[in-house]
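Chemist: The following block contains the structure, expressed as structure tokens.
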Amino acid sequence: MYDLLLVRYGEIGTKGKNRRMFEQRLQTNIEAALKDLGIEDVERAHARLYVPLTASMEEMIERLQKVFGIASFSPVVQAPLQVEAIKEAAVEVVADSLKKRRIGEGDRLTFKVITHRANKGFPITSPEMSRDLGACLLRRFPQLSVDVHQPELAVEVEIREHYSYIYTERIPGAGGLPVGVSGKGVLLLSGGIDSPVAGYLMMKRGVAPIAVHFHSYPFTSERAKEKVLDLAEILSAYGGPIPVHVVHFTEIQKAINQHCPPKLMITIMRRMMLRLAEAIARREGAAALITGESLGQVSSQTMDSILVTNAVVQLPVFRPLIGFDKTEIVDIAERIDTYKISIRPYEDCCTIFVPRHPETHPKLAEVEKAEKKLPLEELLDEALARTEVIICGDK
């Protein structure tokens, strides 16, 4: 019975002169999310987007709830700009809502009509339309009674330039900004719980992720690699296809283990990772690096360790989880369906060659001295040359 999904956005509406660019990106992302369902003609007009309901409404709703930039959306009946047509559509929508709520004639439900008259040329004011439509619904449905303060059912009417739209449901969206409006960032994606959540949060701020995974075969298995690709596949549902750069990291870890002090191995390994990630970022036109670090969670995530690690790159390193505790991170991971993949028992490269007593307060000079024992350029060039790029989420 519904004709469209009416999509609203929130934060985008505050963007001033750049608003049109944000709107266009949101429209593009919605079309991309629904393209394989045969939906391409999303219309944008007057701070709203209109998505034709030509596929399964349940499937469309599930996908739209993962599109960042959407504040809420509603299944709507589209009606001509005629009072009687609006009343007929409202009766249809309310009947459906009562059926879904299992409200029979012997039950009671409070309601309120809310009219939004964006089209000031429409001859009836918003209060008049709400009053007339409310009276019509009271006559049609004896189980309804009016409560203008805390109604159990809100019947909303939007009167726009060419049509009116009637609905009773507001489905919450993902919020944030459309993926892509903030540029590209390189996400260091391990197989753990934290980094996918960091990627998700940066996508919510409009960043299009390019994932980098450091693979140390044969010390880590192919299943560890598959785990990361599965995580990228989950994240792609929130912002489109994600390229995953699988970097051969084995020789670097072997060299660090052979030539560097055990207590500095983790710090030097992290610095090598950032060097490689920055090289990929510059090659791919990304403006930042993204990690899943949380302050104090492990030895490489102390202030001193982060300071020494950051010193090796020029691009900014975003750490959206820096103030989160593990419980908060796990809660998000469970909500976005990455947790069950992250806890698969396949180790990543960060779990091998781990010293018993890693340095938690490394000094930059000491670390740089230890790195001089490594053929840095040779190791980095080889790792980049052996990098494999896999696109995840390409429908």
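The numbers here are math on the coordinates, done by the rules we state, and not lab data. All figures in this text were calculated on a predicted structure; none of them were measured in a lab. Here the Cβ positions follow ideal geometry from the backbone for every residue, glycine too, while neighbour counts run over all protein chains shown.
Chemist: Which whole-Hz ³J(HN,Hα) couplings does the stretch 173-190 yield from phi under the Karplus relation 6.51 cos²θ - 1.76 cosθ + 1.60, θ = phi - 60°, glycine and proline marked x?
Modeler: Using θ = phi - 60°, the values come out as x, 7, x, x, 10, x, 4, x, 6, 9, x, 10, x, 8, 9, 7, 9, 8 Hz.
Chemist: Something else about it: Calculated from DSSP H runs of 4 or more alone, at -39500 (n - 2.57) each and per residue, what is the 222 nm mean residue ellipticity of the chain, nearest 500?
Modeler: The per-residue figure over the chain is -12000 deg cm²/dmol.
Chemist: Enumerate the amide H contacts of Y217 below 5 Å, restricted to partners 5 or more residues apart or on another chain; note that Pro and chain-start residues carry no placed amide H.
Modeler: Close amide H contacts, sequence-distant or interchain: F249, T250.
Chemist: Within the stretch 251-357, list the trypsin sites (Lys or Arg not before Pro) lying in a DSSP loop whose Cβ has at most 14 other Cβ atoms in a 10 Å radius. Write down the numbers at each step before the final one.
Modeler: On the way: sites: K254, K263, R270, R271, R275, R282, R283, K326, R335, K340, R356; in loops: R356.
Loop-located and lightly packed - R356.
Chemist: Tell me, what HN-Hα J-couplings in whole Hz come from the Karplus equation 6.51 cos²θ - 1.76 cosθ + 1.60 at θ = phi - 60° for each residue of the stretch 354-366, using x for Gly and Pro?
Modeler: 8, x, 5, 10, x, 6, 9, 10, x, 9, 4, 4, 5
Chemist: Turning to a different aspect of this structure: Net charge within 14 Å of A287 by Cβ-Cβ distance, Lys/Arg positive one each and Asp/Glu negative one each, not counting A287 itself?
Modeler: Combined, the nearby Lys, Arg, Asp and Glu give +2.
Chemist: How far is it, in nm, from the label point at E284 to the one at S126 when both lie 7 Å from their Cα along the line to the Cβ?
Modeler: Those two pseudo-labels are separated by 4.5 nm.
Chemist: While we're looking at this one, here's another question. In terms of modelled amide H atoms, which long-range or inter-chain residues lie less than 5 Å from the amide H of G173?
Modeler: Those lying under 5 Å, H to H, from G173 are S72, F73.
Chemist: Of the options L188, A383, I266, report the single residue whose Cα projects farthest towards the positive end of the charge dipole of the stretch 184-392 (beta-carbon charges: Lys, Arg +1; Asp, Glu -1).
Modeler: I266
Chemist: Let me know the shape class of the stretch 235-336, please: from the alpha-carbon gyration tensor, a ≥ b ≥ c as square roots of the eigenvalues, rounded when a/c is under 1.5, otherwise prolate if a/b is greater than b/c, or oblate. Walk me through the numbers before you get to the answer.
Modeler: Values: a/c = 1.74, a/b = 1.22, b/c = 1.42.
Oblate.
Chemist: Sticking with this structure for a sec: Ratio to report: Rg/Rh of the stretch 184-392, with Cα atoms as the point set and Rh obtained by the Kirkwood method; give two decimals. Numbers along the way, then the final one.
Modeler: Numbers: Rg = 15.8 Å, Rh = 17.0 Å.
Checking Rg against Rh, the ratio lands at 0.93.
Chemist: Counting Lys and Arg as +1 and Asp and Glu as -1, what is the net charge of the other residues whose Cβ lies under 12 Å from the Cβ of Y9? Display every interim value, and only then the final one.
Modeler: Numbers: positive: R8, K15, R19, R25, R44, R48; negative: E11, E23.
Its environment carries a net charge of +4.
Chemist: Grab the Cα-Cα distance for L295 and Q82, subtract it from 0.36 nm times how many residues apart they are, and report the gain in nm with one decimal.
Modeler: Working: separation 213, 0.36 × 213 = 76.68 nm, distance 5.99 nm.
Using 0.36 nm per residue and subtracting the Cα-Cα distance, I get 70.7 nm.
Chemist: Collect residues whose amide H, placed 1.01 Å from N in the peptide plane, falls under 5 Å from the amide H of G10; neighbours closer than 5 in sequence don't count.
Modeler: Those qualifying (amide H under 5 Å, at least 5 residues apart or on another chain) are A71.
Chemist: Now a separate question. Give the calculated FRET efficiency between K254 and K369 to the nearest 0.05, with a Förster radius of 22 Å applied to their Cβ-Cβ distance.
Modeler: Working: r = 20 Å, r/R0 = 0.92.
The computed FRET efficiency comes out at 0.60.
Chemist: Next up: By how many nm would the segment from D96 to K326 grow when fully extended, if each residue of separation counts as 0.36 nm and the alpha-carbon distance is taken off?
Modeler: That works out to 78.5 nm of additional length.
Chemist: Rounded to whole Å and sorted largest first, what semi-axes of the equivalent ellipsoid does the C-alpha gyration tensor of the chain yield via the square root of 5 times each eigenvalue?
Modeler: The answer is 54, 20, 18 Å, longest axis first.
Chemist: Multiply the residue gap between L138 and E334 by 0.36 nm, knock off their C-alpha separation, and tell me the result in nm, one decimal place. Display every interim value, and only then the final one.
Modeler: Numbers: separation 196, 0.36 × 196 = 70.56 nm, distance 4.37 nm.
Once the chain is fully extended between L138 and E334, it gains 66.2 nm.
Chemist: Which ³J(HN,Hα) values, rounded to whole Hz and listed in residue order, are derived for the stretch 209-217 from phi using the Karplus coefficients 6.51, -1.76 and 1.60 in 6.51 cos²θ - 1.76 cosθ + 1.60 with θ = phi - 60°, glycine and proline given as x?
Modeler: Karplus values, whole Hz, x for Gly and Pro: x, 10, 8, 10, 10, 9, 10, 10, 5.
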